[in-house]
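Here is the structure we will look at.
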Amino acid sequence: MCVAIPMKIQELRENNLCVAEIGGVSREISLMLLPDARVDDYVIVHAGFAIEKLDEKEALATIDLFRELDESLRMDETDHE
Amino acid sequence: MLKYLQEYRSPKDALRLQEKIRRLPLNGRRITLMEVCGSHTMAIHKFGIRELLPETVRLISGPGCPVCVTGMEYIDTALALAAQQGVIMATFGDMVKVPGSRSSLQLARSEGCDVRVVYSTLDALKLARENPARPVVFLAIGFETTAPTIAASLLEARRQSITNYSVLVAHKTMPPAMRALAADPGIGVQGYICPAHVSAVIGWKAYDFLPQEFGVACAVTGFEPLDILQGVYLLLRQVIRDEPRVDNEYSRVVSPDGNPAALDMLKEVFEPCDGNWRGVGMIPGSGLTLRSSWREYDATRRFAVECPPAQEPPGCICGDILKGRRDPVHCRLFGTVCTPEHPVGACMVSAEGTCAAWYKYR
Ligand code: SF4
């Protein structure tokens with residue numbers, strides 16, 4: 001029941017509503033909890049409400065962290081050789 | 001951008017992270033980590049995370065499924081309300097099958113009660129608008145992720161002067177439950193995988209007291225397999241270094257202070273109260289109740305319903321399972337008498353329940 005999915009905002013509507021899309025499926029979502037969201041933002045949607053933005057920079061930085069791990073591992077591996 | 005999210009499932013990187021974890025100097029130390037979010041429980045089983053970890057690292061599940069921790073007396077009250085003349089009972093889907101002491105909403109529906117599954121509280125409000133002559137009661141359960149959506153619906157109800165909408169509230173908040181479990185020596189949690197979307201609302205600073213007062217390691221992580229592995233890595237590193245803190249692996253969504261608009265709405269509509277967690281018992285300050293200025297929307301005030309004391313099903317050990325003390329396989333009803341089609345206890349009902357996750361991925 002806590003399921004929350006990332007969706008992309010396509011269009012803002014009246015009354016704090018917007019249309020958001022994922023995988024070709026669109027639906028109306030409330031922005032009452034995230035009033036400053038804009039078109040093209042990725043947001044986390046839970047039970048019909050956007051609850052937070054998905055920050056692209058941070059998403060990439062976290063992947064970089066995995067990559068950094070790769071490099072330190074590779075270093076370890078050369079150590080062992 | 002969502003294509004980047006694929007990379008959070010890269011099997012190659014998962015193996016590398018696994019190797020990184022295996023190289024940590026655990027020296028045979030037994031370490032118990034607890035996840036307190038039902039979606040983490042499901043992801044851990046689905047991706048087989050347990051099997052990737054060293055044998056001495058134990059992952060246990062806490063009371064992270066909102067449906068599972070909802071007291072049986074609540075279900076009994078919901079059933080009594082659904083049976084009132086003209087009532088439309090609106091609920092999230094996973095409440096429908098939960099057995100109360102004597103029946104379930106699903107059974108009640110087959111007996112003629114009007115029970116509607118909605119995706120959002122705004123859909124429930126729409127039902128109220130479209131059926132002005134009938135009372136619509138919404139089952140308001142869930143943690144800090146969900147509670148703001150109920151608060152928002154009440155604000156909308158008042159703004160639109162919708163008077164036939166009310167809620168039966170049993171919201172719970174996570175940090176007080178994590179405090180109670182951290183303080184329980186019988187469990188011995190050394191690190192928490194903190195909930196992802198609860199944290200989106202309350203912010204990761206809400207867990208600062210856990211390392212500070214209890215020396216318990218904390219990491220907020222997302223739901224992808226690499227998120228969880230990285231979270232476990234961060235937790236183990238904290239334990240090994242004996243430097244407990246709150247690491248935030250899920251920084252793409254979670255900020256230090258959370259979502260201010262959602263927190264404001266929570267505060268406007270609700271105030272803390274003691275919360276009764278099914279199987280765990282009363283935890284001080286772990287519930288939310290309507291503030292006095294919002295009590296007119298309290299379903300129990302609009303209808304006089306009385307229920308005999310709730311009866312837990314005999315043989316079910318949900319209580320121990322919700323505290324991470326025992327695993328579902330230790331329940332003699334598991335998989336035989338109790339299955340997702342015919343759940344006996346709450347942990348089997350919701351897909352996020354620990355028993356259901358074990359059953360599905362066994
Ligand atoms: S298997 Fe069923 S009866 Fe046993 S603890 Fe889990 S929910 Fe309760």
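Does the stretch B:302-312 contain any residue that is near the ligand (Cβ under 8 Å from one of its atoms) and either at pLDDT below 85 or of a type outside the set (F, W, Y) (or both)?
Going through the stretch B:302-312, the residues near the ligand (Cβ under 8 Å from one of its atoms) turn out to be none.
No.
Which residue out of B:G188, B:G258 is on the phi > 0 side of the Ramachandran plot and at pLDDT below 95?
Exactly one residue qualifies, and that residue is B:G188.
Any residue at all in the stretch B:21-43 that's within 14 Å of another protein chain (Cβ to nearest Cβ), over 25 Å from B:V216 (Cβ atoms) and at pLDDT below 90?
Scanning the stretch B:21-43, I find no residue that is within 14 Å of another protein chain (Cβ to nearest Cβ), over 25 Å from B:V216 (Cβ atoms) and at pLDDT below 90, so the answer is no.
Out of the residues in the stretch B:351-360 that are near the ligand (Cβ under 10 Å from one of its atoms) and either in contact (Cβ under 8 Å) with a residue 60 or more places away in the chain or closer than 24 Å to B:A310 by Cβ (or both), state the one that is farthest from the chain's Cα centre (by Cα).
Looking at the filtered set, the residue picked out is B:W358.
Return yes when B:G285 is within 8 Å of the ligand (Cβ to nearest atom) and not charged (D, E, K, R) and no when it is not.
No; evaluated as a whole, the condition is false for this residue.
Hey, does the stretch B:243-251 have a residue that's of a type in the set (V, I, T), modelled with pLDDT of 95 or more and under 30 Å from B:R22 (Cβ atoms)?
Yes, because at least one residue in the stretch B:243-251 is of a type in the set (V, I, T), modelled with pLDDT of 95 or more and under 30 Å from B:R22 (Cβ atoms).
Restricting attention to the stretch A:1-20, which residues are surrounded by 14 or more Cβ atoms within 10 Å (Cβ to Cβ) and hydrophobic (A, V, I, L, M, F, W, C)?
Answer for the stretch A:1-20, where residues must be surrounded by 14 or more Cβ atoms within 10 Å (Cβ to Cβ) and hydrophobic (A, V, I, L, M, F, W, C): A:M1, A:C2, A:V3, A:A4, A:M7, A:I9, A:L17, A:C18, A:V19, A:A20.
Within the stretch B:242-252, does at least one residue satisfy the condition of being farther than 25 Å from B:I187 by Cβ, away from the ligand (no atom under 16 Å from the Cβ) and of a type in the set (G, A, S)? Can you show your working first?
Initially, the stretch B:242-252 is screened for residues farther than 25 Å from B:I187 by Cβ, giving B:251-252.
Next, from what is left, pick out any that are away from the ligand (no atom under 16 Å from the Cβ): B:251-252.
Of the ones still in play, those that are also of a type in the set (G, A, S) are B:251.
Yes, the stretch B:242-252 contains at least one residue that is farther than 25 Å from B:I187 by Cβ, away from the ligand (no atom under 16 Å from the Cβ) and of a type in the set (G, A, S).
Restricting to the stretch B:197-235, what's the tally of residues that are within 14 Å of chain A (Cβ to nearest Cβ), among the aliphatic types (A, V, I, L, M) and farther than 17 Å from A:L65 by Cα?
Residues of the stretch B:197-235 that are within 14 Å of chain A (Cβ to nearest Cβ), as a first pass: B:197-204, B:219-234.
From what is left, the residues that are among the aliphatic types (A, V, I, L, M) are B:198, B:200-202, B:219-220, B:226, B:228-229, B:232, B:234.
If we keep only those that are farther than 17 Å from A:L65 by Cα too, we end up with B:198, B:200-202.
Total satisfying the criteria: 4.
For B:T163, which of the numbered conditions (1) closer than 24 Å to A:P35 by Cα; (2) without any contact (Cβ under 8 Å) to a residue 24 or more places away in the chain fails to hold?
The failed condition is (1).
Looking only at residues in the stretch B:328-350 that are out of contact with any Gly (no Cβ under 9 Å at 6 or more places or on another chain) and in a helix (DSSP H, G or I), which one is nearest to the ligand (Cβ to nearest atom)?
B:M348
Looking only at residues in the stretch B:316-327 that are within 6 Å of the ligand (Cβ to nearest atom) and modelled with pLDDT of 90 or more, which one is farthest from the other protein chains (Cβ to nearest Cβ)?
If we take residues in the stretch B:316-327 being within 6 Å of the ligand (Cβ to nearest atom) and modelled with pLDDT of 90 or more, then B:I317 is farthest from the other protein chains (Cβ to nearest Cβ).
The values are calculated or read from the model by the stated rules, or taken from the named source; none is laboratory data. Since we're looking at a predicted model, the values are computed, not measured. All Cβ positions, even for glycine, are placed from backbone atoms using ideal geometry, and neighbour counts span all protein chains on display.
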